[in-house]
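Enquirer: Pasting a structure here, questions to come.
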Amino acid sequence: MVLIEKVKGALRLAAVDPAAAKAGLSPGLTLADARARVPALRTLPHRPEADAALLARVLEDFDRFTPMIALDPPHGLMLDITGCAHLFGGETGLVEAVESRAGRIGLQVRAALADTPQAARALARFGPARLFTAQAARDSLRRLPVAALEMPQPEESALRRAGLKRLGDLDDRPKAPLAARFGAGFPARLARILGDEDIRITPHRAAAPIVVDRVFFEPISNPDFVEQVLADLLDEAADRLDQLGHGGRAFGVDFYRVDGEARRVAVRTGRPTRDPPSLMRLFRERLGALANPLDPGFGFDQMRLSVLTTEALAPTQRGLEGDRPTDEDFSRLIDRLIARLGPQAVLRFEAVSSHIPERAGRLVPASPGAGQAPWPAPTPEAPPLRPLQMFHPPQPVETLAEVPDGSPLRFRWRRVLHQVVRAEGPERIAGEWWRAPDQKTRDYYRVEDSEGRRFWLFRQGLYGEAPEPRWFIHGLFP
């Protein structure tokens, strides 16, 4: 069986199975030549997007072995197991666990262990699939063919014509002539494959400051057991945060199923915290509000809690009065609402640096973040300068003023005539020239009618300018 794809109008082999490879077929061969050699050839269309989707699933599942994991195109994964091997009984035990896991989900893998990512890739793709000690790895790397450099075909052919067939042949030669012939980056490429120069991998997900795991001898699917394990993970993470003097702002739990599916559920808090009971309530709310409920399938064989974001958190002492609500209590309420309804459903007003009233505030997600602008402090015992209820857009009114540019004597709004008995103003607000240079100047007045109702009116435009000024009501005072 082979996979085929169209290349420049011709059908060519994209991949071959072991039997086809033994028959002399290889990727890149035209389908006509392949059928001439093997008439009983079974063909299927090549679907690279399906390969990429499968590899992404395996990437999420293999995140159980180390958080430092990245894709290694076209068909590989790169795992940095520094500091993780002891969890599996050493390097050999970890690699065996990877191979065993791959076998259980129907994959055949070639695994290799080396000091640098490029060396491990070269051993896995061009060498024998087994573990190596540091010196044995270098000896094995020197025996690899020059194809392990994965250079363009003309350059690889040039190396072979020069009698340089293995990496050891290149390692024994001066590097300056090689750089002059094959480019300045050639010696560095060779050094990385031979393990002499290291470049760390870029993981698909940033490593969390704190990670705690539970690996189960038998898969679990009972919701009560899952919740108990989650509570234990939160307790352990809280102990680590306490030792560091930090609190968490974002927490994520990864659920790994035995069939290779992985699922992450995350919660965020408005303030740094290391309180397991409150975090457990947030996770209950979040799990209960999932549009796609958590499905254990045949069970979870591993759970991992990651503290994704941390901040310094000093110990605090509660007052002796006890039950008075605090900012922390209010923040916990917001966190619970966000966990149940989602971050876009719980909003708050944020101050904006603008003199235009309708632009002085905006709605943002309720979880507070860095850089929040403070609201201007009101003057003690002074009447409010802005009403609590504002109209958007402002509503037009008909007015009569004693002088053209004075305060209104009476105005008609929604077919009701209001007689003004008190007025204060004007407060002149000009348009923001960098946003709306043609916006008219506004003169605002706080007025009270004969029945005690208070309004916020403004005149848009100045007398003597075209068009004529117009009056609007912008808000109501309580």
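The values are calculated or read from the model by the stated rules, or taken from the named source; none is laboratory data. These numbers come from a predicted model, not from an experiment. Every residue, glycine as well, gets a Cβ built from its backbone with ideal geometry; the counts of neighbours run over all protein chains shown. Only protein heavy atoms, including side chains, enter the accessible area calculation; ligands, DNA and RNA are left aside. Shrake-Rupley method; radii C 1.70, N 1.55, O 1.52, S 1.80 Å.
Enquirer: Could you give the accessible area per residue of the chain, probe 1.4 Å, as a whole number in Å²?
Expert: 59
Enquirer: Provide the gained length on full extension for the span ARG340 to ALA19, in nm with one decimal, where the gain is 0.36 nm per separating residue minus the Cα-Cα distance.
Expert: 110.2 nm
Enquirer: Using all alpha carbons of segment 384-442, what is the percent of pairwise distances in each 5 Å bin, ordered from the shortest bin to the longest?
Expert: 4, 13, 17, 26, 23, 12, 5, 1
Enquirer: If you don't mind, another one. Which residue, chosen from ALA162, GLY183, ILE220, occupies the Cα position most advanced towards the positive end of the dipole of segment 123-266, where the dipole is computed from +1 (Lys, Arg) and -1 (Asp, Glu) charges on Cβ about the Cα centre?
Expert: Result: ALA162, furthest along the dipole toward the positive end.
Enquirer: Just order 301-308, 347-354 by mean Cβ neighbour count inside 10 Å, highest at the front, would you?
Expert: 301-308, 347-354
Enquirer: Okay, moving on. May I have the pair-distance distribution P(r) for segment 185-303, computed from all Cα-Cα distances with 5 Å bins from 0 and rounded to whole percent?
Expert: 2, 9, 18, 18, 15, 12, 7, 6, 6, 5, 2, 0
Enquirer: Using a 1.4 angstrom probe on heavy atoms only, work out the carbon and sulfur share of the accessible area of the chain in %.
Expert: After summing per-atom areas, the C and S share lands at 54 percent.
Enquirer: Whole number please: convex hull volume per residue of the Cα set in segment 60-152, in Å³?
Expert: Value for segment 60-152: 100 Å³ per residue.
Enquirer: Lys and Arg at +1, Asp and Glu at -1: add these up for the other residues within a Cβ distance under 12 Å of LEU159 and post the number.
Expert: Result for the neighbourhood of LEU159: +3.
Enquirer: Rounded, prolate or oblate: which fits segment 198-268 when a ≥ b ≥ c are the square roots of the eigenvalues of the alpha-carbon gyration tensor, with rounded for a/c under 1.5 and prolate only if a/b beats b/c?
Expert: It is oblate, given that a/c is not under 1.5 and a/b is not larger than b/c.
Enquirer: Could you check the simple spin-label distance between PHE225 and HIS75, using points 7 Å along Cα→Cβ, in nm with one decimal?
Expert: About 3.6 nm separates the two model spin labels.
Enquirer: Rounded to the nearest 500 deg cm²/dmol, what is the calculated helix-only ellipticity per residue at 222 nm for the chain, with -39500 (n - 2.57) per DSSP H run of length n ≥ 4?
Expert: Computed mean residue ellipticity for the chain: -9000 deg cm²/dmol.
Enquirer: List the lysines whose alpha-carbon lies under 30 Å from that of LYS165, not counting same-chain residues fewer than 8 positions away?
Expert: Correct list for LYS165: LYS22, LYS175.
Enquirer: Of the peptides 398-411, 35-48, how do they stack up when ordered by the mean number of other Cβ atoms within 10 Å, highest first?
Expert: My ranking of the peptides, most packed first, is 398-411, 35-48.
Enquirer: Just by accessible area at a 1.4 angstrom probe, what is the order of LYS22, LYS440, LYS6, LYS165 from largest to smallest?
Expert: Heavy-atom accessible area, descending, gives LYS22, LYS6, LYS165, LYS440.
Enquirer: Please compute the contact order of the chain in relative form: average sequence separation of alpha-carbon pairs under 8 Å and at least six residues apart, divided by the residue count, as a percent.
Expert: Relative contact order for the chain comes out at 9 percent.
Enquirer: Check which residues have an amide H placed less than 5 Å from VAL397's amide H, if you skip close sequence neighbours.
Expert: Long-range HN contacts for VAL397: TRP471, PHE472, ILE473.
Enquirer: Give, in whole angstrom and from largest to smallest, the semi-axes √(5λ) of the equivalent ellipsoid of the chain, with λ running over the eigenvalues of the Cα gyration tensor.
Expert: 67, 32, 23
Enquirer: Any idea what the alpha-carbon Rg over 2.2 N^0.38 Å comes to for segment 1-115?
Expert: Working it through for segment 1-115, the quotient is 1.33.
Enquirer: Further question on the same structure: State to the nearest 20 debye the size of the charge dipole of the chain about its Cα centre, where the only charges are +1 on K and R beta carbons and -1 on D and E beta carbons.
Expert: 1740
Enquirer: Moving on to the next point. Taking the Cβ of GLY248 as the center, what net charge do the other residues with Cβ under 12 Å away carry, scoring Lys and Arg +1 and Asp and Glu -1?
Expert: +1
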